[in-house]
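Let me begin by presenting the structure, written as structure tokens, before commenting on it.
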Amino acid sequence: MAGRSNIVVSAAVREALAVGAPVVALESTLIAHGLPRPRNRDVALELEDQLREKGVTPATVAVIDGLPRVGLDEADLRRIADDTAVLKVSVRDLPVACATGRTGATTVASTALLAARAGIRVFATGGLGGVHRGAGDSFDESADLVALATTPITVVCAGVKSILDVGATLERLETLGVTVLGYRTSTFPGFYLQHTSYDLDWRVGEPGQVATVMAAADAMELASAIVVANPLPTDQALDPALHDRVLTDALTWAADRGIRGKSVTPFLLETFHLETGGASLEVNINAVRNNVSVAADVAVAWARTAASDPGQPG
Ligand code: PSU
Ligand code: MN
């Protein structure tokens, strides 16, 4: 397997992994398709700097000219942010994008897969994909769920996107064997919103506790992901009344225009950014920043845990 891998890991990421230094993977779909240009470029660069300031090596993941890359240089990062032709590449798109030499941004699903293959244990995003409202008819369920069921990586997020059916998504995560930890909360966070009405079974208070759970999962060779759900502080969240009003409109417009498949999530996010006068954009960016910060702390804790237990794989 290892000998056939075409994944290109940057020198910085390779060196960090070789000495057991902390690394955090970042996805690129949120940059290319979740945030508007040109603001997305500043955010992409800022998130990487945020990690470096905490002594953590950033590993943004994307497909560049047909090569799956873990760790981008600044030129590639700018290209992912600036180029309007960048595809949205989930797991099933990976082989075609690579075989045809295309350039694409990776989702939570494909980022988790490539990062885990490269040996990275911690990953930060905004909000996970999940079960869409009306999925009983449309069957629209993010491939993120399947990837989380089959990829041993810790994902720090602000819950699942609030445009989704949160309750159904939590049920699917339970079925799929995905561990969900509330980070300093016992209530599942609501992405744009500080919280949902769903209680969580497990709460952690410190990054070291997450690392301990990771070690326990490794010890029994669990193949599934650990989701660390990190809520926005109340003063950074979107006004719930505004949220619900915009969501009703956005869902109606998506249905009227026949938006389908992988265009659904970018359409709903863009509609939110437009209809809230940019308020949801600031909320989204803050959520990602907060998650990157917690992911950095978890990666540092994991590096310590792994160093103190040489029996630990990875
Ligand atoms: N988080 C954000 N913005 C985003 C995403 C996550 O704050 O745009 C992206 C992720 O890449 C996630 C994708 O995997 O949305 C989900 O898309 P879909 O629902 O089509 O699976
Ligand atoms: Mn979908």
Assuming G205 fulfils every condition listed in (1) open to solvent by less than 40 Å² (accessible area, probe 1.4 Å); (2) more than 16 Å from ligand 1 (Cβ to nearest atom); (3) in contact (Cβ under 8 Å) with a residue 24 or more places away in the chain apart from one, which condition is it?
(3)
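Residues are listed down the side, and each one gets a yes or a no for (1) within 18 Å of the chain's Cα centre (by Cα); (2) not in a helix (DSSP H, G or I):
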residue	(1), (2)
N6	no, yes
V13	no, no
G20	no, yes
A32	yes, no
R41	yes, no
V63	yes, yes
R78	no, no
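Specify which of the listed residues (G167, G182) is open to solvent by less than 20 Å² (accessible area, probe 1.4 Å), part of a strand (DSSP E or B) and away from ligand 2 (no atom under 16 Å from the Cβ).
G182
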Counting only residues that are part of a helix (DSSP H, G or I), open to solvent by less than 10 Å² (accessible area, probe 1.4 Å), within 8 Å of ligand 1 (Cβ to nearest atom) and not polar (S, T, N, Q), the range 108-143 contains a total of 2
Do we find that V156 is open to solvent by less than 60 Å² (accessible area, probe 1.4 Å), within 16 Å of ligand 1 (Cβ to nearest atom) and modelled with pLDDT of 95 or more in this structure?
yes
Hey, can you tell me all the residues within the range 185-199 that are more than 19 Å from the chain's Cα centre (by Cα) and of a type outside the set (S, T, Y)?
D199
Does at least one position in the range 86-93 carry a residue that is away from ligand 1 (no atom under 11 Å from the Cβ), within 16 Å of the chain's Cα centre (by Cα), part of a helix (DSSP H, G or I) and closer than 29 Å to A168 by Cβ?
no
Looking at the range 243-278 only, could you name the residues that are of a type outside the set (S, T, Y), assigned to a helix (DSSP H, G or I) and open to solvent by 40 Å² or more (accessible area, probe 1.4 Å)?
D244, R245, D249, L251, W253, A255, D256, G261, K262, E270, L274, E275
Matching residues in the range 255-296 - criterion: being away from ligand 1 (no atom under 11 Å from the Cβ), on the phi < 0 side of the Ramachandran plot and among the small types (G, A, S)
A255, A279, S293, A295, A296
I'd like to know if the range 155-162 contains one or more residues that are within 16 Å of ligand 2 (Cβ to nearest atom) and touching a residue at least 60 places away in the same chain (Cβ under 8 Å).
yes
Give D83, D73 a once-over and let me know the one that is open to solvent by 70 Å² or more (accessible area, probe 1.4 Å) and either under 14 Å from I31 (Cα atoms) or more than 16 Å from ligand 1 (Cβ to nearest atom) (or both).
D73
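The values are calculated or read from the model by the stated rules, or taken from the named source; none is laboratory data. This structure is a prediction, so every number in the text was calculated from the model and none was measured. Here the Cβ is made from the backbone with ideal geometry for all residues, glycine too, and neighbour counts use every protein chain on show. For accessibility, only protein heavy atoms count, side chains too; no ligands or nucleic acids. Shrake-Rupley method; radii C 1.70, N 1.55, O 1.52, S 1.80 Å.
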